[in-house]
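S.K.: The structure that follows is given in the form of structure tokens.
The values are calculated or read from the model by the stated rules, or taken from the named source; none is laboratory data. Here the structure is a predicted model, which is why all the values come from computation and not from measurement. We place every Cβ from the backbone using ideal geometry, glycine too, and count neighbours over all the protein chains shown. The area values use the complete protein model at the heavy-atom level, side chains included, leaving out ligands, DNA and RNA. Shrake-Rupley method; radii C 1.70, N 1.55, O 1.52, S 1.80 Å.
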Amino acid sequence: MTTENSNLAGLDQRTIRIEKLKKLENMGINAYPHIFNPDFTSKALNEKYATLANEEQTEDEVKVAGRIRAIRNSGMFMDLYDDTGKIQIFSSLENLPQSEKDVLALLDLGDIIGVTGTVRRTKRGELSVATKHLDVLAKSLQVLPEKFHGLQDQDTKYRQRYLDMMINPDTTRTLIMRSQIISAIREFLNGLGFLEVETPILHPILGGANAKPFITHHNTLDMDLYLRIAPELYLKRLIIGGLPAVYEIGRNFRNEGMDTRHNPEFTMMELYWVYKDYNDMMDLFEQIVQYAAMKVLGTTTVSFDGKTFELGGHWPRRSMLDLVKEETGIDFEAFETNAEAVEAAKKLHVEVPENASWGLVVSTVFEEKCEHKLMGPIFVIDHPKDISPLTKEHRANKRLVERFEPFINTWEVGNAYSELTNPLDQRERLEEQVKAREAGDDEANMMDEDFVTALEHGMPPTGGLGMGIDRIVMILTGSLSIRDVIAFPTMRKK
């Protein structure tokens, strides 16, 4: 232990670091300067000097910066990390000026420093920067988690994401890939002529999905508002107004349960395209996922949790009724009454309300008996009409609608349909939703008179599609929890 550090023995680590900060200040050093201009990243440095031989030294002076992650041999060697990788710093304790040695003695793991020095390669082949001058850029007052075991506590990883990113390179890589995936989706849609738009997050009327909302209050207007559960009805207004193809990528909010696939705020991509139907939307969904996979991974073959998924080509398309019949042996389409469907569900030990509609029974049986077997990718098509209030009636079966949900790894990763454009039919469907709310279904839609009025002005045939960005990112990055792909997931208060 140096004399400098022996004077600090017995103090807790934060106090020790504050004392070191004071010593730097007494030396006239600002440990939190306004600016530093590195001229090389780790990646750029390694690329430029890739052919430098072992033990070769240059007179090339460079400036690098990063966070100290390792200190060896009393500071002779340090590992700095920037966003592109590691930079080894070599400080000759014999040749370094005393002023630089004094700064070196006050450095700790976690400090951010700038180094001006010359480029060399050690006899072991490690590219290094030989120190001429050290700049303290941010003195860390907290101790980083131990290097070799990383940050293991999951709760701390999510609450203090900055620590997770400092210690676990895979976390940073996942978040970077998330950005790349979203950029690829934008690039693909923009290339098709889609216009990216923004719609309100504060909604006066609940609609666009069946979900429990968050409610807030606007003081000036003295009115309650809902955080949006879906942008659908506003995006359709833009289609009615004359835009031919629109999309939005943004946060939705649902006041529901949390698990490895659900977070109260999550990212959706929704799009609407005139003169298309749900068959076109299936083709489009495949193409978007495949484009993003190729752009970010270079392949459509994805490994996830020990399984391999081929996302290329055309995905199978199976009707919900056929999947239910195949799994249970029961043809729910043969039942003419709700009561018959409810009774069949009971025989399958599937709990449904006594007054459940035929469609609700079918979807509930599907969720409990089929979903967990859908490894996919697969499109589950042709859903019951009475649970799809915004969807156009199936042209071959009036009990169904032209709707699909894509599944990968048993997860529903989207929702899409041929949009309902008949305003009279839409009013009737929303009126049924209002009755459901009055009967106690707090996830049912509300009547949106302005939206129905907009429809009465005429909406062309339109295909609509929603994609769960977080789940797609999970699949493409191999992440087992939605919290791993959201930088700051919602956490229970300590």
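S.K.: In segment 347-395, how many are touching a helix residue (DSSP H, G or I) at 6+ places or on another chain (Cβ under 7 Å), open to solvent by 70 Å² or more (accessible area, probe 1.4 Å) and assigned to a loop (DSSP other than H, G, I, E, B)?
M.R.: Of the residues in that region, 1 qualify.
S.K.: Quick one: in segment 288-335, of everything that is hydroxyl-bearing (S, T, Y) and part of a loop (DSSP other than H, G, I, E, B), which residue is least open to solvent (accessible area, probe 1.4 Å)?
M.R.: Step by step, filter segment 288-335, then rank; the result is T300.
S.K.: What single numbered condition from (1) at pLDDT 95 or above; (2) open to solvent by 20 Å² or more (accessible area, probe 1.4 Å) fails to hold for K139?
M.R.: Of everything listed in (1) at pLDDT 95 or above; (2) open to solvent by 20 Å² or more (accessible area, probe 1.4 Å), K139 misses just condition (2).
S.K.: Moving on to the next point. Of the residues E367, E412, which is without any contact (Cβ under 8 Å) to a residue 24 or more places away in the chain, of a type outside the set (A, V, I, L, M, F, W, C) and within 24 Å of H349 (Cα to Cα)?
M.R.: When all the criteria are applied, what remains is E367.
Residues are listed down the side, and each one gets a yes or a no for (1) free of Cβ contacts under 8 Å to residues at least 24 places away in the same chain; (2) under 18 Å from G414 (Cα atoms); (3) open to solvent by 60 Å² or more (accessible area, probe 1.4 Å):
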residue	(1), (2), (3)
N219	yes, no, yes
D222	yes, no, yes
L238	no, no, no
P244	no, no, yes
Y247	no, yes, no
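S.K.: Further question: Among the residues of segment 385-406, how many are small (G, A, S) and closer than 19 Å to F366 by Cα?
M.R.: Summing the residues that are small (G, A, S) and closer than 19 Å to F366 by Cα in segment 385-406 gives 1.
S.K.: Go through segment 192-214 and give me each residue that's open to solvent by 70 Å² or more (accessible area, probe 1.4 Å), over 20 Å from the mean Cα position of the chain (by Cα) and under 22 Å from L243 (Cα atoms).
M.R.: Answer for segment 192-214, where residues must be open to solvent by 70 Å² or more (accessible area, probe 1.4 Å), over 20 Å from the mean Cα position of the chain (by Cα) and under 22 Å from L243 (Cα atoms): L192, L195.
S.K.: Please determine whether any residue of segment 461-469 is open to solvent by less than 10 Å² (accessible area, probe 1.4 Å), of a type in the set (S, T, Y), more than 30 Å from R161 (Cα to Cα) and outside any helix (DSSP H, G or I).
M.R.: yes
S.K.: R261 - would you say it is over 15 Å from M467 (Cα atoms) and within 17 Å of the chain's Cα centre (by Cα)?
M.R.: No: the conditions fail for R261.
S.K.: When segment 415-437 is examined, which residues are found to be in contact with a Lys or Arg (Cβ under 9 Å, 6 or more places away or on another chain), open to solvent by less than 40 Å² (accessible area, probe 1.4 Å) and closer than 26 Å to G468 by Cα?
M.R.: A416, Y417, S418, E419, L420, T421, R429
S.K.: Taking segment 396-409, which residues are assigned to a loop (DSSP other than H, G, I, E, B) and either without any contact (Cβ under 8 Å) to a residue 60 or more places away in the chain or over 32 Å from the mean Cα position of the chain (by Cα) (or both)?
M.R.: A396, N397, K398, R399
Conditions tested, residue by residue: (1) part of a strand (DSSP E or B); (2) open to solvent by 40 Å² or more (accessible area, probe 1.4 Å); (3) on the phi < 0 side of the Ramachandran plot.
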{"site": "A65", "(1), (2), (3)": "yes, no, yes"}
{"site": "I71", "(1), (2), (3)": "yes, yes, yes"}
{"site": "S74", "(1), (2), (3)": "no, yes, no"}
{"site": "K86", "(1), (2), (3)": "yes, yes, yes"}
{"site": "E94", "(1), (2), (3)": "no, yes, yes"}
{"site": "K101", "(1), (2), (3)": "no, yes, yes"}
{"site": "I113", "(1), (2), (3)": "yes, no, yes"}
{"site": "T116", "(1), (2), (3)": "yes, no, yes"}
{"site": "K123", "(1), (2), (3)": "no, yes, yes"}
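S.K.: With A50, A31 as the choices, which residue is surrounded by 14 or more Cβ atoms within 10 Å (Cβ to Cβ), of a type in the set (G, A, S) and assigned to a loop (DSSP other than H, G, I, E, B)?
M.R.: A31
Okay, residues lined up against (1) touching a residue at least 40 places away in the same chain (Cβ under 8 Å); (2) among the aliphatic types (A, V, I, L, M):
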| position | (1), (2) |
| --- | --- |
| G440 | no, no |
| A444 | yes, yes |
| F451 | yes, no |
| L455 | yes, yes |
| G458 | yes, no |
| T462 | yes, no |
| R471 | yes, no |
| L476 | yes, yes |
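S.K.: Name every residue in segment 438-455 that is assigned to a helix (DSSP H, G or I) and either of a type in the set (V, I, T) or surrounded by fewer than 14 Cβ atoms within 10 Å (Cβ to Cβ) (or both), in order of residue number.
M.R.: Within segment 438-455, E438, E449, D450, V452, T453 meet the criteria.
S.K.: Looking only at segment 229-247, decide whether some residue is charged (D, E, K, R), modelled with pLDDT under 95 and either in a strand (DSSP E or B) or over 27 Å from Y158 (Cα atoms) (or both).
M.R.: no
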